[in-house]
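Peer 1: What follows is a structure written as structure tokens; I'll ask about it next.
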Amino acid sequence: MKRRIIPIFVPHRGCPHDCIFCNQKKITGVCTDIKEEEIKNTIESYLKTIDKNYHIEIAFFGGSFTAIDIKMQKKFLSIAKKYVDKGIVKDIRLSTRPDCIDENILEVLKENKVTIIELGVQSMNIDVLDASIRGHSDLDVVNSSKLIKKYGFKLGLQMMVGLPLDNEQKCIYTAKRFINLKPDFVRIYPTLVVKDTGLEKLYNQKKYKPFDLEETIEIVKKLLVLFYTNNINVIRVGLQPTEDITLGRDVISGPYHPSIRELIESRIYRDYIEFIIKNKNIKEEIILYVNKKNISKIIGNKKNNIKYLKEKHKINLKVKEKKLDFDEICFNYNNIEYKTNIQKIYNKLYDIYKF
């Protein structure tokens with residue numbers, strides 16, 4: 001069943017810290033407090049555009065929801081709960097901080113039909129957390145995650161790549177710690193330098209250098225392989241593009257690209273094709289038959305994969321549409337046909353990347 005999310009943004013309400021990377025107005029596009037009537041109107045407005053056959057979720061995003069005054073939490077949630085009670089909405093989700101979870105809070109969330117809790121973790125490396133002024137530790141993440149799962153909620157974990165003092169090794173460390181916590185899903189956000197943040201000040205003082213796009217692609221491709229080989233779904237990579245979240249407007253610097261996930265997945269395919277070329281000693285040409293939805297990922301942005309393989313290996317890559325499952329690829333080379341799928345590709349790359 002297709003899913004649709006009704007987003008309710010709670011801008012910075014309740015959040016006890018100003019993290020060095022954060023400007024909620026720019027990230028969410030919302031700067032004013034939200035009222036109960038606005039929540040109801042937003043839900044009703046979205047419901048008019050959503051087919052009843054969809055799996056509908058109401059999501060409280062933006063601030064640290066469980067740090068809000070408990071009376072306000074209950075008021076906000078009670079509005080969403082009415083739609084669950086009527087059978088219109090299937091899930092209520094919210095995002096919060098790891099140090100804003102305890103048994104009393106979870107009891108309130110359970111009573112109000114919340115089903116999914118996302119923790120904004122960002123990193124499991126204590127030096128990165130401290131440098132980012134997060135105000136919580138890795139142990140807060142572990143304890144909150146275990147408590148959330150104990151109470152029967154679905155658990156989502158969010159990580160950032162490229163925070164102050166971060167590097168590839170620390171990103172992989174965070175991913176492995178996430179895997180040990182067995183979340184239901186993960187989000188990955190490359191760090192961007194946004195206007196009016198502590199990170200902008202550090203950047204202008206030349207005390208912080210963000211990851212560039214190429215570095216980010218090389219790191220996040222490994223994170224995707226780690227998560228998918230451990231059966232953890234990555235539901236988002238990168239911020240949702242908005243009028244504000246574009247390079248040159250309120251994003252000062254950093255690895256911004258409106259289709260960054262496709263760039264990363266395209267690199268994963270390229271790495272595997274390169275492995276096949278070397279392993280099978282392929283000369284001159286290789287033909288890939290794929291589901292039409294994957295053609296652009298195989299070819300690469302501006303045909304980068306085709307150009308790369310031609311320049312480095314003197315190989316002509318041809319990509320053709322074929323009636324295959326979405327995750328299947330059929331290779332044709334040296335008069336040999338070989339079929340594989342994305343799970344096998346990830347498994348092989350897990351060995352190649354040498355974690």
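Rule-based calculations on the coordinates, nothing more; no lab input. None of these values were measured; they are calculated from a predicted model. Quick reminder, even Gly has a Cβ in these numbers, built from the backbone with ideal geometry, and neighbours come from all protein chains shown.
Peer 1: Using every pair of alpha-carbon atoms in segment 46-162, split the distances into 5 Å bins beginning at 0 and state the percent of pairs per bin, rounded to integers.
Peer 2: Once binned at 5 Å, the Cα pair distances of segment 46-162 give 2, 11, 21, 22, 17, 12, 8, 4, 2, 0.
Peer 1: Restricting to Cα pairs below 8 Å that are 6+ residues apart, what does the relative contact order work out to for segment 54-108? Please round to a whole percent.
Peer 2: Worked out over segment 54-108, it gives 54 percent.
Peer 1: With everything on Cα atoms, drop me the angle between helix 304-313 and the longest principal axis of the chain, reported from 0 to 90° to the nearest 10.
Peer 2: Here the helix axis deviates by roughly 40 degrees.
Peer 1: Compute the whole-percent fraction of alpha carbon pairs in segment 124-187 spaced more than 14 Å apart.
Peer 2: 57
Peer 1: Using 7 Å Cα-to-Cβ label points, what is the I287/N180 separation (nm, one decimal)?
Peer 2: 4.9
Peer 1: Okay, next question. Under a no-solvent Debye model with one identical scatterer per Cα of segment 265-353, what's log10 I(q)/I(0) at q = 0.11, 0.12, 0.21, 0.22 Å⁻¹?
Peer 2: Each listed q corresponds, in turn, to -0.26, -0.31, -1.04, -1.16.
Peer 1: So if each residue of separation counts as 0.36 nm, and I subtract the Cα-Cα distance between I126 and V142, what length gain in nm does that give?
Peer 2: Length gained, I126 through V142: 4.5 nm.
Peer 1: Another question about this same structure. Could you give the spread of the C-alpha atoms of the chain along their three principal axes, from largest to smallest, in whole angstroms?
Peer 2: Answer, in whole Å and largest first: 69, 52, 38 Å.
Peer 1: Please quote Rg/Rh for segment 127-257 to two decimal places, taking the Kirkwood radius as Rh and restricting both calculations to Cα atoms.
Peer 2: 0.98
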